[in-house]
Amino acid sequence: MTIRNRLALRFTGLVSAILLLAFVSIYAFCWYFIASDFYRRLDRKAYTYGEMLIHHRLDADLIRQLSRIRRDQLPHQKILIFDHRDSVVFANNRAEPFVVPPDLLASVRQQQRKELRKDAYYILGIQLVADGPPGRAGQFVVLAAAENVYGDTFLRNLRWALTALFTLIAGITAFSGWVYAGDALRPMQRIDEQLSHIFPRNRDERLPVRAENDEISRLSTTINRLLDRVAESFRLQRMFVANVSHELKNPLTQISSQLEVSLLNQRDPAAYRQTIRSVLDDVSDLATLTRELLQLSQVNQDNVAGLLTDVVRLDEMVWDIREEVQALNPRYNVTVDLGVLPDEPDQLTVMGNKTLLCTALKNLTENACKFAPDGQAQIALEFSVASVCITIQNEGRPIPAEDLPYIFEPFYRSRQTADQVKGYGVGLSLVERIIRLHGGKISVQSQAGEPTVFQILLLRSDNLAGAAL
């Protein structure tokens, strides 16, 4: 069922329920008023006949004659008076006997007054007590019955009128709800049509945002932001594929060219050994690239629960990283500043994966040394109760401002980086994923005349679980 039909159905159901409650209340009030009024008239009839027969001791035939000449007779009026032995002592019309319901007289004697409905008749019974000579004394029961022809006809017509009115209003409500629901959902239909037009051909187009700050405008704004992220993802995907293709193409082309040249003519063993060494270098580059791609693909949020199980002491780790990085190149020099160490040893630790954190910090430190003219880098740690801040900086050339938003994207390399150092542009992307996997944040500051600073903020072990969730 469509949203339009659901809205129309619910709106119709709500209005119909309110209308039904109102109509039932109106009918119930009318029924109660008409029935109460008719029972009051029967009550007056019963008391009048009881008084004439029991208290004023008028002759029964005289009472019947008086009742025939009165103009206030009710339709099919029946008056019956019973003595204490439940024998009929008066009936206004003996030619049309009235069947008294079982146990009615006993019920009237017990309750003093009784109202009931039998078929088309309204019946009222009252008890009267008379003093006097035998035959006139004792408890009498007076029954007054009649048909409320006008009241029943009115209620029947009222039922038909309310039913017809309810059906008409429900139908009008259903049609109006369907029309108004369609009008309310028309902007959604336009958004659907525009989105169908945007994808996949016109990804640069965006939904128009109206000046009114309503739900449709906010939805359009949200969808536009989503389209921006999707477009950026497509751009990064294309850039990733292009960069990977480029990085794979160069060594493969070199390997193919060298092997083809070697096969053109007969050469001495030394030339073949030189070609083999060159091919091995290219194969080593391919293996390095493949290994970095594998590391990049393995670091994701899907297996975070199984990875972050180590208690890592960062002060010990940075000293190990210092030794490993300085062993890579004689000109690399790494200094470590631990700042003010906390009194509690637990504040030196974070919960995570030691191997991954070591890889991330080593990559940043190696890059800092690699791009520093003097090969020097500094690692500084700052401990607090809730987190640990790691700062890695060097005095090299600043990163161009236009490159800063993209340095953590896979295979992105600025012109300055490509000209200075050999690489594949995977390291910083891997670092960013590792830090994000640990629930941390990484930021970079690089300006002319200022050191280039990479800052990592990691939550301590007590707070990591909540942040990862």
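By its C-alpha gyration tensor, with a ≥ b ≥ c as the square roots of the eigenvalues, how is segment 73-232 shaped: rounded for a/c under 1.5, else prolate for a/b larger than b/c, else oblate? Verdict is prolate for segment 73-232.
Taking other Cβ atoms within 10 Å as a rough exposure proxy, 308, 428, 116 sort from fewest to most as 116, 308, 428.
If I take R0 = 60 Å and measure r between the Cβ atoms of residue 260 and residue 184 in this structure, what FRET efficiency does the formula 1/(1 + (r/R0)^6) give, to the nearest 0.05?
0.30
Based only on the alpha carbon positions, what is the Kirkwood hydrodynamic radius of segment 3-155, in angstrom?
17.8 Å is the Kirkwood radius here.
Taking segment 157-201, which trypsin sites (Lys or Arg not before Pro) meet the DSSP loop condition and have no more than 13 other C-beta atoms within 10 Å? Before the final figure, lay out each step's value.
On the way: sites: 159, 190, 201; in loops: 201.
Within segment 157-201, the qualifying trypsin sites (Lys or Arg not before Pro) (loop, at most 13 other Cβ atoms within 10 Å) are 201.
Coordinate-derived values only; no laboratory data. This is a predicted model, so every value here is computed, not measured. When we count neighbours, we look across all protein chains shown, and the Cβ atoms used for this are built from the backbone with ideal geometry, even at glycine.
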